[in-house]
1. Between beta-carbons, use under 13 Å as the cut-off and find the net charge around Glu107, counting Lys and Arg +1, Asp and Glu -1.
2. For the range 51-130, build the charge dipole from Cβ charges (+1 Lys, Arg; -1 Asp, Glu) around the Cα centre, then report which of Trp127, Tyr57, Leu75 sits farthest towards its positive end.
3. Compute the FRET efficiency between Glu22 and Arg78 as 1/(1 + (r/R0)^6), taking r as their Cβ-Cβ distance and R0 = 41 Å, and round to the nearest 0.05.
4. Could I have the simple spin-label model distance between Glu102 and Gln115, label points 7 Å from Cα toward Cβ, reported in nm to one decimal?
5. Taking a probe of 1.4 Å, how large is the accessible area per residue of the chain, in Å²?
6. Placing +1 at every Lys and Arg Cβ and -1 at every Asp and Glu Cβ, with all other atoms neutral, what dipole size does the chain have around its Cα centre, in debye to the nearest 20?
7. Roughly speaking, what is the stretch gain from Met195 to Gln149, that is 0.36 nm per residue apart minus the C-alpha to C-alpha distance, in nm to one decimal?
8. Leaving out ligands, DNA and RNA, what percent of the accessible area of the chain is carbon and sulfur, probe 1.4 Å?
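The values are calculated or read from the model by the stated rules, or taken from the named source; none is laboratory data. This structure is a prediction, so every number in the text was calculated from the model and none was measured. Here the Cβ is made from the backbone with ideal geometry for all residues, glycine too, and neighbour counts use every protein chain on show. Side chains included, ligands, DNA and RNA excluded: accessible areas come from the protein's heavy atoms. Shrake-Rupley method; radii C 1.70, N 1.55, O 1.52, S 1.80 Å.
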Amino acid sequence: MTSRDRIQSLFRSQPGEYISGEKISDLLQISRAAVWKQVKVLREEGFKIEAKHSLGYRLLATPDRLVASDIETELNCRLIGQKVISFTETDSTNVQARRIAEEGGIEGTVVVADQQIAGRGRLGRRWESPAGVNLYCSILLRPQIPVQQAPQLTFLSAVTVVETLKDVCQLSAEVKWPNDILVNGAKISGLLNEMSAETEQIHFVILGVGINLNMTANQFPDGLNYPATSVLLETGKSVDRLVFLRAFLQRLDLYYAEFLQEGFAPIRGRWENLCKLINVQVEVDQGSHRYCGTVVGLDVDGALRLQLNNGKVERILAGDIRPTEEIK
Ligand code: BTN
């Protein structure tokens, strides 16, 4: 850790308390002048640090920026976040995570960005990623599981997002097959999981997660072809992105460990509980084909199990799904 990071973590460990320059200089084994220099650096980054003669320094506020050292400091994870890489601006965290994976990056590496200038959505769409308001993050995993089971990780990230929204923001969201997360019918989060594999072996999986936290109405682009929302718009309260990200990564760490030990069943159960369309009559539009039936659950590979009106259960691998009856 650099002197800057060590001073920052010292301040964070004693929030609101004065720490004398002498004590900092003793603990960090640097001169008083070097302490002052690092305090200046932190202030320039947006930290509000008060300096009082005879008392020392105290931290009053931290900037709302996602910086790797801050994320790592209080992260209580086994595997996820062993390494965190943060960008003020990047093309896409998924692109960066893929590059890192190809260069041999370790499992659990987390890539975050304050802003993405080429944020990627599903089906070649763009993911709107303005600076300083949302969460854009990608997690590198190297699971030793059969290639066909990789889509199960999408459901794992979906459950983690919904439960973190509930826990940190007291906001109830639902999952929509295959990988949307909605609040009152509007999209609040999107997942883009990408994989590199051979026939029998997964090299790596990138879990790409975008969550609209503090985005205001005018930051959504005109002409979106689906309704979209953010935590701020739904609750009227802004979210501390660092607190949210840590909670998200910690939950992901637990669920990923459980997944490796126990398989898909626990995640599948949670996902089905968060899906409002289980036991509901729906229509699935695949462009060239349309199915009508009742959603009965998820299959082991993440396919949607749809009971058709003739009783047969069809496995749906792609398509747009919409309820044809009122949801209770
Ligand atoms: C979707 O279309 O619903 C998926 C959106 C996924 C967006 C996230 S933001 C972090 C990561 N980096 C990207 O470029 N995309 C994903």
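1. +2
2. Positive-end residue among those listed: Trp127.
3. Calculated transfer efficiency: 0.60.
4. Taking the simple label geometry, Glu102 and Gln115 are separated by 2.6 nm.
5. Accessible surface, normalised per residue, equals 48 Å².
6. 640 debye
7. 15.4 nm
8. The computed percentage sits at 47.
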